[in-house]
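A short reminder: the numbers here are calculations on the coordinates, not readings from a lab. The shown structure was predicted, so the numbers you read here are calculated from the model rather than taken from an experiment. Every residue, glycine among them, receives a Cβ derived from its backbone with ideal geometry; neighbour counts consider all protein chains shown.
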Amino acid sequence: TKFPPGKAVLAPDINPDALFVILEGAVSISRDGAELHVAREHEVLGAWALFDPEPMAVLAKTVEDTRLLRIGRDEFYDLLSDNSEITASIFAMLVKRFRQLVER
């Protein structure tokens, strides 16, 4: 799906039900107005949403024309059940992100 610049992908008022893979473009991730990171091609946004249905505490907004691959919760669980390599990669990414948060 293509998103124009300035489009919110994740926000505290959006109920998350999918993760997004950035195929092209960039997404700014901020909290309380402070930019935390600019995610680019091949990065994953919203992985926590697949495990926790609570709204995200961050705002993820496109900074340029951006193409995203949306993977819904049900599709994600189907992928996990069919492919242990994907499962291992997802958990490795989640652990890496958790470690980064703890070390801040």
What would the Debye formula give as log10 I(q)/I(0) at q = 0.23 Å⁻¹ for the alpha-carbon point model of segment 2-103, no solvent? -1.38
Relative to the longest principal Cα axis of the chain, at what angle does helix 84-103 sit, 0 to 90 degrees, rounded to 10? 50
Using just the Cα positions, wrap segment 31-81 in a convex hull and report its mean projected area in square nanometres, one decimal place. 4.3
In nm, the gap between the two label points placed 7 Å beyond Cα toward Cβ at T87 and A8 is 3.6
If I model a spin label as a point 7 Å beyond the Cα along the Cα-Cβ vector, how far apart are those points for E103 and S30 in nm? 2.7
Degrees, to the nearest 10: 73-82 long Cα axis against longest axis of the chain: 40
Between rounded, prolate and oblate, where does segment 1-61 land on the alpha carbon gyration tensor, with a ≥ b ≥ c its root eigenvalues, rounded for a/c under 1.5, else prolate if a/b exceeds b/c? oblate
What distance in nm separates the simple spin-label points at K96 and N15, each placed 7 Å from Cα in the Cβ direction? 3.2
By per-residue mean of other Cβ atoms within 10 Å, what is the highest-first order of 68-77, 53-62, 31-40? 53-62, 68-77, 31-40
Give me a comma-separated list of calculated 3J(HN,Hα) values for segment 22-27, in order, Karplus coefficients 6.51, -1.76, 1.60 applied at θ = phi - 60°, integers in Hz, x for any Gly or Pro. 7, 8, 8, x, 8, 10
Taking the chain and counting helices only, DSSP H stretches of n ≥ 4 at -39,500 (n - 2.57) each over all residues, the nearest-500 ellipticity at 222 nm comes to -9500 deg cm²/dmol
